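Trainee: Below: one structure in structure tokens.
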Amino acid sequence: MAERWLALGLSLLLAAVVSATLLLDFNAPQRAEQAAPVAYVQAVLAIAPLGEQELQLGRHLPESAILALPPAQRQLPPADGADWRPVVLPDHATREAALQSGRRYALEMRWYRVQHRVAEGDPLPQALHIARAVGGPVLVMARRDIAEAPWRLLLDNTPDWLSQWNRPLYVALPPELTAPGAVVQVAIGLPTVHGVQFGLAAPQIGPASAVAWQQQRRQFWQVTAMQLLSLSGLVLGALALALAWRRQQPGSHLLFAAITSVWAVRNLHYFVAPPGERLAYEWFWWATNSSISWLTLLFYLFVLRFLPRRYVALERALLGFCVVLSLLTIPLWPLQAEALVLQHALNVAVALGVCLFLAALALRGAGTEFSLLVGTLFVGIVLAMHDLLLLSGRLPPDHLYVLPYSCLLLLFTFQHALARQHAAAFADLARANAEQELRLAAQQAQLEAHHVTLVGFEREQALLRERQRLMRDMHDGLGSALLSSLALVQGRELSQPALAGMLRECIDDLRLVIDSLEPIENDLATLLGTLRLRLGDRLAAAGLQLHWAVDDVPPLAWLDPPSALQVLRLAQEMFTNVLKHARARHVHVSLRRVGDDVQVEIADDGVGCPAASFEARDAGAGSSGGRGLRNMRARAKSLGARVEFDSRPGEGTCVRLLLPILRVQ
């Protein structure tokens, strides 16, 4: 609540500061004298009647009255003996709220005569500047302050008088009239309609450089600044339209784009001169003046979009007001009165009422952006009141029309609202990212917990499988051998040496099971090294000399403990055959890579046997030797390997075990 009060208070303070700044009189004599050596001049006034004209429709001096004026070449200031009287400039008259169509008004030429002395040492050339002249075209004449000196026409603004209402005038004085010490008389003629608004700002006369600076300054604040503001608004409106299009949710952005477009129509007279054809001229001014009502309607709708609740009745009432006022002022009705002042007075009254209603909503708890927008409305109303007083002639014509400057505040508030929306969007995005990170962290923790549980479960399963495998191996190998030995011992069928040999085989089998559990990191050479260590003493005791040749071979990724046990049993079977049957003196063991396989070769120099004998044994002759060869082939097949036998009588036996490097599962 405090933030809303602060926003509304700052908006009102900004309204007061901006209004006070823009409502300053830009042509105050004391400031001008400090700024440049330019003098404001006082004048004497003479009025020359020009007859009567019936007032037709029009926003300024009627075109028919202007056409009825005598040519400038025949229009001279009254003679010195005429009824001249002193007048303080600026001079102006008020404008009626509505001008009646068909009423006859008197035309008159208002002549203002000023006298200027060129001081010694003043920079030359000299010039004249008039901030604004309202009511009709301006004639400027000059002469030396000498009796019977002829008047010289310096400016006839009749061709451009339709856009003169807001354009400063600059007139260079002839060098031959402004010699040092000379006194120059300048006559300014302003044709007006009696009883209708007119105005003439105080002329400035002085060095041309200083006067030109004053003229450029007024040109910037009266015209150029308005053009820049309109163009800036159009650029931001295009941006808002693009944002509305991309978001596919027009909302306030689309309303802002409409505001800037209507604002450009309202300020069209700052870019182009009104058309000279009468009907086009009236339609031109109808469009620019009626656009104010629609501009305020759009701005109300824009402000109301920042409220959570829609005020449909208020929006419809404002829409109806705009439609009715636009239709009543349309330049088609035959008996229509020219009611420009009344039209803008109604706009200001409605705007003030709506603004008070919105201020009450802001104080009751609307958002910060809404409070700033209400403050902008207050600024616009203050500036609109000033322009209404200037339009009706209740302020001197040297004041500025300042309502267009409220566009600055509109652009500021829109940018502020847009920045707040984007900041809120980024904050929401950051908050969503933070929440997402928290959810991801929670999910990650949950996944890690599940992973730990799964790893534990897999470890238990692996231990269970390994236990089952060991039990199976112990049962099939060591257990079977022990049971057989027990049966033979109980039947008294074994001698002591035979029993010792059988027990030795049981111990060897137990050692094989233990060796298969050693961590060898898939290294076949390490696995065979353990077997060499186990069988070394036994081979030496049998009189066999072992020759070992191992090359660098790749690791076997599939060489897990069960497979390692199968390889050890195959190798053990080969050595057992050498010990039992070969009667050899030397055994050669080699390990090397052969193509896509790793070859384990065990060769002896024993008695050997014919190849037919191997084939007979492998065919299953019922002997233990046949079973041994078949078992070796079966074990090799379970590993995806193969066994090759090569033996000749008297030349020894060679057994090769070919293990695949990559085994297809």
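The values are calculated or read from the model by the stated rules, or taken from the named source; none is laboratory data. Quick caveat, the model's predicted, so the values are computed rather than measured. Counting neighbours? That spans all protein chains shown, and the Cβs are built from the backbone with ideal geometry, glycine included. Side chains are part of the model used for accessible areas, which takes the heavy atoms of the whole protein and leaves out ligands, DNA and RNA. Shrake-Rupley method; radii C 1.70, N 1.55, O 1.52, S 1.80 Å.
Trainee: Please calculate how many Å² of accessible area the range 267-313 carries per residue, with a 1.4 Å probe and no DNA, RNA or ligand atoms counted.
Mentor: Here the per-residue accessible area is 43 Å².
Trainee: So how much slack lies between residue 459 and residue 148, counting 0.36 nm per residue of separation and subtracting their Cα-Cα distance, in nm?
Mentor: Using 0.36 nm per residue and subtracting the Cα-Cα distance, I get 99.3 nm.
Trainee: About its Cα centre, what dipole magnitude does the range 512-601 give when the only charges are +1 on Lys and Arg Cβ and -1 on Asp and Glu Cβ, stated in debye to the nearest 20?
Mentor: 640
Trainee: Label residue 586 and residue 661 with points 7 Å out from Cα along Cα→Cβ: what is the distance between them in nm?
Mentor: About 3.0 nm, to one decimal.
Trainee: For residue 283 and residue 316, FRET efficiency with R0 = 25 Å and r from the beta-carbon atoms, rounded to 0.05?
Mentor: According to the calculation, E is roughly 0.35.
Trainee: Keeping every protein chain in place, order 245, 558 by accessible area at 1.4 Å, biggest value first, i.e. largest first.
Mentor: If we order 245, 558 from most to least accessible, we get 245, 558.
Trainee: Testing the spin-label approximation: label points 7 Å from Cα along Cα→Cβ at residue 273 and residue 160. State their distance in nm.
Mentor: Simple spin-label model gives 0.7 nm for this pair.
Trainee: OK, next. Taking 0.36 nm per residue of separation and subtracting the Cα-Cα distance, what length does fully extending residue 120 through residue 216 add? Mind showing how you got there, number by number?
Mentor: Numbers: separation 96, 0.36 × 96 = 34.56 nm, distance 2.65 nm.
Extending this stretch completely gives an extra 31.9 nm.
Trainee: Which value, in debye to the nearest 20, describes the size of the charge dipole of the range 287-407 about its Cα centre when Lys and Arg Cβ atoms bear +1, Asp and Glu Cβ atoms bear -1, and nothing else is charged?
Mentor: I would put it at about 460 debye.
Trainee: Now for a different question. How big is the charge dipole of the range 122-230 about its Cα centre, in debye rounded to the nearest 20, if each Lys and Arg gets +1 on its Cβ and each Asp and Glu gets -1 on its Cβ?
Mentor: My answer is approximately 280 debye.
Trainee: A follow-up question, please. First measure r as the distance between the Cβ atoms of residue 523 and residue 452, then evaluate 1/(1 + (r/R0)^6) with R0 = 35 Å and state the FRET efficiency to the nearest 0.05. Before the final figure, lay out each step's value.
Mentor: On the way: r = 30 Å, r/R0 = 0.87.
The pair residue 523/residue 452 has a calculated efficiency of 0.70.
Trainee: Now, a different point. With r defined as the distance between the Cβ atoms of residue 327 and residue 79 and R0 fixed at 60 Å, what FRET efficiency is calculated, to the nearest 0.05?
Mentor: Calculated value: 0.70.
Trainee: For the range 372-415, what is one quarter of the convex hull surface built on the Cα atoms, given in nm²?
Mentor: So the mean shadow area of the Cα hull is 2.8 nm².
Trainee: On full extension of the chain, what length is gained from residue 550 through residue 309, given 0.36 nm per residue of separation minus the C-alpha to C-alpha distance? Write down the numbers at each step before the final one.
Mentor: Values: separation 241, 0.36 × 241 = 86.76 nm, distance 8.91 nm.
Result for the pair: 77.9 nm of gain on full extension.
Trainee: Order 274-281, 651-658, 209-216, 398-405 from most to least packed using the mean count of other Cβ atoms within 10 Å.
Mentor: Peptide ranking by packing, descending: 398-405, 651-658, 209-216, 274-281.
Trainee: Continuing with the same structure: Give me the percent of accessible area attributable to carbon and sulfur for the range 537-580, probe 1.4 angstrom.
Mentor: Exposed carbon and sulfur together represent 47 percent of the surface.
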